[in-house]
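Novice: First the structure, which I've put down as structure tokens, then a few questions once you've had a look.
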Amino acid sequence: MAEKAGFIGGIVETIKTIFWALVLAGIFRTIFFHPFWIPSGSMKDTLLIGDFLFVNKMAYGYSYASCPSIRIPQIGIDIGADDFCGWFEDNDDRLFGSDPERGDIVVFRHPVTGMDFIKRVVGMPGDRVQMQGGRLYINDAPVAVQDAGVFTETMELQGPLQLRPRCENSPVGMGAACKKSRQIETLPGGATHNILNIVDQPASRLSTDDTGVFTVPEGRFFFMGDNRDNSNDSRVPQTRNGVGFVARKDLVGRADRVMFSSAGRSMFAFWTWRSDRFFKALE
């Protein structure tokens, strides 16, 4: 009888330990850091498919978007931050809040889908933002760029989604060199970063190389991907499932550093980890 009671007591203690571990993990994820795995190539070559980050949630304070989300499509779990903290969603104020700086790499909730996105802040409230011939203009002035050679990667299926990279030198066969022109862009205020070009898009109402002027509203931000021809960002209106302007309340946190990076289909496949990206600082 005593042995049975001890066995049951052990199970109870194990359940309590798991429960409190989950509570502590939830608090850690809500207050301090948000894990994020890069699924696409929209931020190449700053971020590669398979990069794993801890996003700093303390950088901009807290809103409903700071609450964790749990999405496991394989088993039908889709719980967003609004499911946990929807009561706070209509409040545009942030607890201990501050605004991002131009050039920050930010994770935010997509205004249409609610999914986590990661892009770079290029437009601040009140800015006039436009693309002309693939060149970024801010407040009617072209942003400074300088050539920085070519970004080369292997044409192969990448990440869990098995995406094929887009190449400026297309068509490219599997295993061959996929190339994109690279430039260094310097934003107003001095932040610098690499950008890539794949194709010079013909002028049309759908072109993201030539756009109208976007005037960023108060409390909103304008985001773009560094891989300019392969990014669904603020240049694409929300009526087309684009990002559009992103509200302050939708910011999750700032990405400062890559923790590690997997070149395979799973981040747990340690033999595919890239040796040059451990704890890599982001610019």
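The values are calculated or read from the model by the stated rules, or taken from the named source; none is laboratory data. Worth saying up front: this structure is predicted, and the values here are computed from it rather than measured. Counting neighbours? That spans all protein chains shown, and the Cβs are built from the backbone with ideal geometry, glycine included.
Novice: Run T154 past the list (1) at pLDDT 95 or above; (2) surrounded by 15 or more Cβ atoms within 10 Å (Cβ to Cβ); (3) not acidic (D, E) and report the number of the one that doesn't hold.
Specialist: The failed condition is (2).
Novice: Within region 220-246, work out how many residues are among the small types (G, A, S) and touching a strand residue (DSSP E or B) at 6+ places or on another chain (Cβ under 6 Å).
Specialist: Summing the residues that are among the small types (G, A, S) and touching a strand residue (DSSP E or B) at 6+ places or on another chain (Cβ under 6 Å) in region 220-246 gives 2.
Novice: Hey, does region 164-171 have a residue that's loosely packed, with under 15 Cβ neighbours inside 10 Å, of a type in the set (S, T, Y) and out of contact with any Cys (no Cβ under 7 Å at 6 or more places or on another chain)?
Specialist: Looking through region 164-171, at least one residue is loosely packed, with under 15 Cβ neighbours inside 10 Å, of a type in the set (S, T, Y) and out of contact with any Cys (no Cβ under 7 Å at 6 or more places or on another chain).
Novice: Determine, yes or no, whether R182 is among the basic types (K, R) and in a loop (DSSP other than H, G, I, E, B).
Specialist: Answer is no for this residue.
Novice: Those residues that are loosely packed, with under 14 Cβ neighbours inside 10 Å and at positive phi, I need them from region 105-138; list them, please.
Specialist: Of everything in region 105-138, those that are loosely packed, with under 14 Cβ neighbours inside 10 Å and at positive phi turn out to be G126, G133.
Novice: Shifting gears a bit: Which condition breaks for G190 when tested against (1) under 21 Å from R102 (Cα atoms); (2) not in a loop (DSSP other than H, G, I, E, B)?
Specialist: In the conditions (1) under 21 Å from R102 (Cα atoms); (2) not in a loop (DSSP other than H, G, I, E, B), G190 misses (2) alone.
Novice: Output the residue which, of all residues in region 214-228 that are of a type outside the set (F, W, Y) and within 20 Å of T186 (Cα to Cα), is surrounded by the most Cβ atoms within 10 Å (Cβ to Cβ).
Specialist: G225
Novice: Also, I was wondering about something else. With respect to G159, determine if the residue is under 20 Å from the mean Cα position of the chain (by Cα) and either among the acidic types (D, E) or at positive phi (or both).
Specialist: Taking the combined requirement at face value, the residue satisfies it.
Novice: Before we move on, is D209 assigned to a helix (DSSP H, G or I), surrounded by fewer than 21 Cβ atoms within 10 Å (Cβ to Cβ) and out of contact with any Cys (no Cβ under 9 Å at 6 or more places or on another chain)?
Specialist: Spelling it out, it is not the case that D209 is assigned to a helix (DSSP H, G or I), surrounded by fewer than 21 Cβ atoms within 10 Å (Cβ to Cβ) and out of contact with any Cys (no Cβ under 9 Å at 6 or more places or on another chain).
Novice: I'm trying to understand the selection: among the residues of region 229-279, which are surrounded by fewer than 17 Cβ atoms within 10 Å (Cβ to Cβ), out of contact with any Leu (no Cβ under 8 Å at 6 or more places or on another chain), basic (K, R) and not in a helix (DSSP H, G or I)?
Specialist: R265
Novice: I'd like to know if region 109-126 contains one or more residues that are more than 17 Å from the chain's Cα centre (by Cα), among the hydrophobic types (A, V, I, L, M, F, W, C), modelled with pLDDT of 90 or more and closer than 24 Å to G225 by Cα.
Specialist: Within region 109-126 (the criterion being more than 17 Å from the chain's Cα centre (by Cα), among the hydrophobic types (A, V, I, L, M, F, W, C), modelled with pLDDT of 90 or more and closer than 24 Å to G225 by Cα), the answer is yes, since at least one residue qualifies.
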